[in-house]
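Encoded as structure tokens, the structure appears first; notes follow it.
The values are calculated or read from the model by the stated rules, or taken from the named source; none is laboratory data. Being a predicted model, the structure only gives us computed values, none of them experimental. So basically every Cβ, Gly included, is an ideal-geometry build from the backbone, and we count neighbours across all protein chains shown.
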């Protein structure tokens, strides 16, 4: 991912691809009908160009579109470990076992690691298919499950905050003094990377999957201290509010039926 700009109820992301191509994507809640007009090209382009990241990547002097707007739905975090009754010589790998929000860009890394775990198990005990299953399954129910839980936790917290914005409320950020780590949304912890170097290091290592998900727990006290002192995540300059985005969509769109 090249960059992301997130506001109160939506986000814009840019993903690089091969041969000089890239994707500019808006992400919003499936039930947020006010943003549904983004599926139309004139609306999408107008909305992208009121954001600093979107304006830079959709500038006609920089790039030209090679497709219309494509809707990607059904993005669910799924965990489906192999049933013990399945024959021991059959192994499910990658997305057949676990999928996580593509926002995080973890799918290929987890799939390759999964395959390497199987290769390692076979190399360590070539004549025992049952041992292959046990070793791979231990990794699936341990490390792989931890990344699934991490993605699910992040998505649930972000969805709750975004729905609060859609409903006209404030984001779900702890206000107690001191806040409880158990109540601290993971996306708030990651946002604190912008104001604390120690949190930034932990967040970067988390995003690159260098450390296991639970390693972020070590910086929760620093983030709760920031919240106690009055810090809150804020929109970056050039990122419009959801209300401003809706206004732009309404100016160039017709109602979506």
Legend entry - Test: residue in segment 55-76 that is under 23 Å from residue 204 (Cα atoms) and surrounded by 16 or more Cβ atoms within 10 Å (Cβ to Cβ): no
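Okay, residues lined up against (1) assigned to a loop (DSSP other than H, G, I, E, B); (2) within 29 Å of residue 188 (Cα to Cα):
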site: 44; (1), (2): no, yes
site: 76; (1), (2): yes, yes
site: 85; (1), (2): yes, no
site: 88; (1), (2): yes, no
site: 103; (1), (2): no, yes
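Residue-wise test of (1) within 20 Å of residue 81 (Cα to Cα); (2) without any contact (Cβ under 8 Å) to a residue 12 or more places away in the chain.
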position	(1), (2)
121	yes, no
131	yes, yes
135	yes, no
148	yes, no
151	yes, no
155	no, no
158	no, no
166	no, no
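Residue-by-condition table, conditions (1) touching a helix residue (DSSP H, G or I) at 6+ places or on another chain (Cβ under 9 Å); (2) farther than 23 Å from residue 3 by Cα:
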position	(1), (2)
215	yes, yes
221	yes, yes
224	yes, yes
227	yes, yes
230	no, yes
233	yes, no
239	yes, no
249	yes, no
Legend entry - So residue 141, is it modelled with pLDDT of 90 or more, surrounded by 15 or more Cβ atoms within 10 Å (Cβ to Cβ) and not assigned by TED's automatic domain parsing to the domain that holds residue 203: no
Inset, instruction - Name the single residue, out of those in segment 1-39 being on the phi > 0 side of the Ramachandran plot and free of Cβ contacts under 8 Å to residues at least 12 places away in the same chain, that is surrounded by the fewest Cβ atoms within 10 Å (Cβ to Cβ). - result: 19
Legend entry - Single unsatisfied condition, residue 174 versus (1) modelled with pLDDT under 95; (2) out of contact with any helix residue (DSSP H, G or I) (no Cβ under 6 Å at 6 or more places or on another chain): (2)
Legend entry - Pair list, Cβ under 7 Å, 6 or more apart: segment 188-199 residue not assigned by TED's automatic domain parsing to the domain that holds residue 157 and surrounded by fewer than 19 Cβ atoms within 10 Å (Cβ to Cβ), other residue assigned to a helix (DSSP H, G or I) and at pLDDT 90 or above: 195/226; 196/222; 196/226; 198/219; 198/222
Inset, instruction - Check segment 49-66 and report whether any residue there is part of a loop (DSSP other than H, G, I, E, B), within 18 Å of residue 154 (Cβ to Cβ) and touching a residue at least 40 places away in the same chain (Cβ under 8 Å). - result: no
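Residues checked against (1) surrounded by fewer than 17 Cβ atoms within 10 Å (Cβ to Cβ); (2) in the same structural domain as residue 9 (by TED's automatic domain parsing); (3) farther than 16 Å from residue 78 by Cβ:
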| site | (1), (2), (3) |
| --- | --- |
| 99 | no, no, no |
| 112 | yes, no, yes |
| 119 | yes, no, yes |
| 136 | no, no, yes |
| 147 | no, no, no |
| 157 | no, no, yes |
